[in-house]
Amino acid sequence: MGICLHCGSAFPRTRRTRKYCTNRCKTNACLERKPRLRASEIEELRELLMRDFESIDGLRERLRAIIAPHLPPIPVDEGRAAIPRMD
Ligand SMILES: [Zn+2]
């Protein structure tokens, strides 16, 4: 028996399926794999190293935009983290 690397269930090990119990698990495991950074993104990160930032939040927001564009932006106001007012 083998243990599926995706869902963890036991399955009979054959020559065709060594890591995953079903083709569906193989596909899902592939889809969920973290994407690698593209060359252009690595170039942007390299530029970040050379740049000066007024605050760590400005840097965090630039990093977020490059490596996690799907996440909501970190609010930055004039280089500093924007603190929501309570009024
Ligand atoms: Zn599985």
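The values are calculated or read from the model by the stated rules, or taken from the named source; none is laboratory data. Because the structure is predicted, anything quoted here is derived from the model rather than measured. Cβ coordinates were reconstructed from backbone atoms using ideal geometry, including for glycine residues, and neighbour counts include every protein chain displayed.
Considering every residue within the range 16-26, establish whether at least one is modelled with pLDDT under 85, among the β-branched types (Val, Ile, Thr) and touching a Gly at 6+ places or on another chain (Cβ under 9 Å).
For the range 16-26, residues modelled with pLDDT under 85, among the β-branched types (Val, Ile, Thr) and touching a Gly at 6+ places or on another chain (Cβ under 9 Å): present.
Of the conditions (1) modelled with pLDDT under 85; (2) assigned to a loop (DSSP other than H, G, I, E, B), Leu5 clears all except one; give me its number.
(1)
Is the range 41-58 home to any residue that is outside any loop (DSSP other than H, G, I, E, B) and farther than 30 Å from Asp77 by Cα? Explain how you work it out, then say what you get.
Restricting attention to the range 41-58, the residues satisfying the condition of being outside any loop (DSSP other than H, G, I, E, B) are 41-50, 56-58.
Now narrow it down to the ones that are farther than 30 Å from Asp77 by Cα: none.
No.
Provide a single number: the residues in the range 18-40 that are away from the ligand (no atom under 16 Å from the Cβ), hydrophobic (A, V, I, L, M, F, W, C) and either under 14 Å from Cys7 (Cα atoms) or assigned to a helix (DSSP H, G or I) (or both).
Count: 1.
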